[in-house]
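Working notes for the structure below.
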Amino acid sequence: MNLILNKNIWLVGVSGVGKSTFVENFKDILFHYLSLSSFVREETVKKNLVPHRENFAFVSWELRKIFGNDYLAKLAYNIIR
């Protein structure tokens, strides 16, 4: 029996604190994993920038500047809703 029904777990934190490691260790019990940084990576590629940390930071800053600080969270929310 599945004990977690229609629940969301949000892992938040700065880069490098272990969010992805946590998900990797518990992926067998998680149904879906969505990373806000995946949106940033996708946008970086669309802009034909080399995918590395400095460009991710720039694109993330640019998205927040144009669309607001909660833009990536709103994208994620609209997907899981």
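The values are calculated or read from the model by the stated rules, or taken from the named source; none is laboratory data. None of the values given here were measured: they were computed from a predicted structure. Here Cβ is always computed from backbone atoms with ideal geometry, including for glycine, and neighbour counts include all displayed protein chains.
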Hits in segment 34-50 - residues which are touching a helix residue (DSSP H, G or I) at 6+ places or on another chain (Cβ under 6 Å) and either assigned to a helix (DSSP H, G or I) or among the β-branched types (V, I, T) (or both):
L36, F39, V40, E43, T44
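Looking at L63, L34, which one is on the phi < 0 side of the Ramachandran plot, within 11 Å of the chain's Cα centre (by Cα) and not acidic (D, E)?
On the way: L63 fails: within 11 Å of the chain's Cα centre (by Cα).
That would be L34, the only listed residue that is on the phi < 0 side of the Ramachandran plot, within 11 Å of the chain's Cα centre (by Cα) and not acidic (D, E).
Counting just the residues of segment 51-68 that are in a loop (DSSP other than H, G, I, E, B) and surrounded by 10 or more Cβ atoms within 10 Å (Cβ to Cβ), which one comes out modelled with the highest pLDDT? Lay out the reasoning, then the answer.
We begin by selecting, within segment 51-68, every residue in a loop (DSSP other than H, G, I, E, B); these are 51-52, 68.
So of that shortlist, the ones also surrounded by 10 or more Cβ atoms within 10 Å (Cβ to Cβ) come out as 51, 68.
On the way: P51: 92, G68: 96.
Taking the candidates together, the pick is G68.
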Of the residues in segment 28-46, those that are surrounded by 11 or more Cβ atoms within 10 Å (Cβ to Cβ) and either hydroxyl-bearing (S, T, Y) or over 20 Å from Y77 (Cα atoms) (or both) come to Y33, S35, S37, S38, T44, V45
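Out of contact with any Ser or Thr (no Cβ under 9 Å at 6 or more places or on another chain), among the aliphatic types (A, V, I, L, M), at pLDDT 80 or above and surrounded by 11 or more Cβ atoms within 10 Å (Cβ to Cβ): is that true of V23 in this structure?
Details: out of contact with any Ser or Thr (no Cβ under 9 Å at 6 or more places or on another chain): no; among the aliphatic types (A, V, I, L, M): yes; at pLDDT 80 or above: yes; surrounded by 11 or more Cβ atoms within 10 Å (Cβ to Cβ): yes.
In short, no.
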